[in-house]
1. Consider Phe139 against the criteria (1) open to solvent by 50 Å² or more (accessible area, probe 1.4 Å); (2) of a type in the set (A, V, I, L, M, F, W, C); (3) assigned to a helix (DSSP H, G or I): it satisfies all of them except one. Which criterion is unmet?
2. Given the residues Asn224, Asn255, which is the only one that is under 23 Å from His69 (Cβ atoms) and surrounded by fewer than 16 Cβ atoms within 10 Å (Cβ to Cβ)?
3. Name every residue in region 297-310 that is open to solvent by 40 Å² or more (accessible area, probe 1.4 Å) and touching a residue at least 12 places away in the same chain (Cβ under 8 Å), in order of residue number.
4. Which number in (1) in a helix (DSSP H, G or I); (2) within 25 Å of Gln206 (Cα to Cα); (3) touching a Ser or Thr at 6+ places or on another chain (Cβ under 7 Å) marks the one condition that Leu76 misses?
5. Got a sec? Which helices (runs of 4 or more DSSP H) wholly within region 271-375 have at least 3 residues that are under 30 Å from Thr48 (Cβ atoms) and modelled with pLDDT of 95 or more?
6. Mind listing whichever residues of region 181-206 are surrounded by 13 or more Cβ atoms within 10 Å (Cβ to Cβ) and in contact (Cβ under 8 Å) with a residue 12 or more places away in the chain?
7. Which of (1) modelled with pLDDT of 95 or more; (2) crowded, with 18+ Cβ neighbours inside 10 Å; (3) of a type outside the set (Lys, Arg); (4) in a helix (DSSP H, G or I) does Phe176 not meet, given it meets every other one?
8. Would region 152-160 turn up any residue that is of a type in the set (Ser, Thr, Tyr) and touching a Pro at 6+ places or on another chain (Cβ under 8 Å)?
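The values are calculated or read from the model by the stated rules, or taken from the named source; none is laboratory data. Just so you know, these numbers come straight off a predicted model, no measurement behind them. In this analysis, Cβ positions are derived from the backbone assuming ideal geometry, glycine residues included, and neighbour counts consider all displayed protein chains. Heads up: the accessible areas ignore ligands, DNA and RNA and are worked out on the full protein's heavy atoms, side chains in. Shrake-Rupley method; radii C 1.70, N 1.55, O 1.52, S 1.80 Å.
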Amino acid sequence: MKALFVLLFALTGWMLSGCSEDAPPPSSSTQAVQKQEQKASPLQADLTVLAEHSFRQTTELLHLGHQLHISIRDFLKTPSEQSLTVAKQAYSSLLQQWVQSLPYINMTALTTSGAPLMNRLEKLPMLPGYLDQIPDYPFSGLVHDIMLPIESDNLMRLHTLDNDEQVIFGLSAIEFLLFDHYQADHYKKFLPMTSLSQEEQQEQIQLEQLPNNRRRALLLSQANQLVEDLSELHKRWLSEGGDDSKRLISLTDKNLKLALSSSLKKNTQLILDALNSVQEKPLMLGRAHFSREEKALLNTGVSSLKAFHESIQAIWQAYPQTEKDEFDGVLESLLELHEQYTEDPSNSLLLELASNRCNQLLEISDDLSFEEAPE
C-alpha cells in the first residue's frame, strides 16, 4: 500500500511538471500567419471606417435624389418659373453632394456589376443633341424623334447604345433638360399639350408625340431612373452586407492601389475640368455645365479631394513611400492656390498654376504603391 502511494505521488508530480512546461514554439508558417494577421488587422479597421463613410455619402445622395424627384414631379404637375426654380435648386444640391461623394463611391465603377450603374448615374462626355434641341438644330434629339417611344425599357436600351456619348440617364442629362440654356421662359417647354392642330391631325400625330409631352415624359423617366439607381448604389454600400462595402474592406496590394488611386484621379480630373471651364478652355470630362455652376463645382471638388485625402491618411501610413510625400506637397500647393483664387478671382495666373498642380497629382497617382515592401 505504501509503495502504491509513493507511485501515485510520483506520477502526479510528473504530470504537474509536464503541464507547467512551456508549449512548443510555433512553426515558421504559423508565425508568418500571425504576423500577417497583426499587420492586416489595423488596415482592415481603417478600411472599415472608410466604407462606413462611403455609406453615409450614399445615404445623403439618396435623400437628395428623392428631393429632386419630388420637385420634378411638382414642376411637371404645375409648370411655372417658380416650380422650375425649386427643381433647379434641388438638382444643384444633389450635384454638389455627388461631387463630394465621388471619391468615396468611385470603386463601384471599377466592378463589372457596378460600372453600368455608375454610367447611368453620371456619364461624361455626353451629346446634348441626342436628347433635345440645340442651337441650329431645333428638331434634334429623342424629344423630336416620334419613331422612338419615350418608355423606360426603350430608353434603357438606347442609353449609350451606338455611341458612348449618347447619354439618356444621369445627372448631366437631367441638367440639360432642366436648365435654361438657350431661351427665356424655359418652363413653357414643359407645358402639357392637350390638343392637336389641324395639320397635326392630318399627319395623324398623337398627343403623346408632341415635343412638350415627350420632353415631360423624358424628364420624368430620367428622375425615376435616378432614384432607382441611387437606391441600388445605397444598397451596395450598406455597412452590413453591402457588396462594395465588403470589397473595400478586403482590398490589399494592387487592388487597393487601383481603388484609391482611381478615386484620387477621378476627383482631380473633376477639379481640372472645372478649372478649364472657368477659364473657358476645352473640357476634359466634357461636362455640359448648363447650370453655369463651374466655380461652385470647383470649390466642392477641392473640398472633396481634401476630405478624401485626410480620410485615407491612416491607410497611407501603412505604406511609406516618397510618392505620398510628393502628393501631400502638391496637394497643399493646390489648396493654397485655390484659397488665393477665392480671395482674388480676377487673377487668372492662379488658375493656370492650379491646373498645373492637378496634372502633377494625376501623374503621381499612377505611381502610388500599396504593396508590402520586401523585407
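1. (3)
2. Just a single option satisfies the conditions, and that option is Asn224.
3. Applying the first criterion (open to solvent by 40 Å² or more (accessible area, probe 1.4 Å)) to region 297-310 yields 299, 303, 306, 310.
Hits for region 297-310 are Asn299, Ser303, Lys306.
4. Tallying (1) in a helix (DSSP H, G or I); (2) within 25 Å of Gln206 (Cα to Cα); (3) touching a Ser or Thr at 6+ places or on another chain (Cβ under 7 Å), Leu76 fails exactly one: (3).
5. Numbers: elements: 294-311, 313-316, 322-343, 348-367.
Those helices (runs of 4 or more DSSP H) span 294-311, 322-343, 348-367.
6. His181, Tyr182, His186, Tyr187, Lys188, Lys189, Phe190, Leu191, Met193, Leu196, Ile205
7. (1)
8. no
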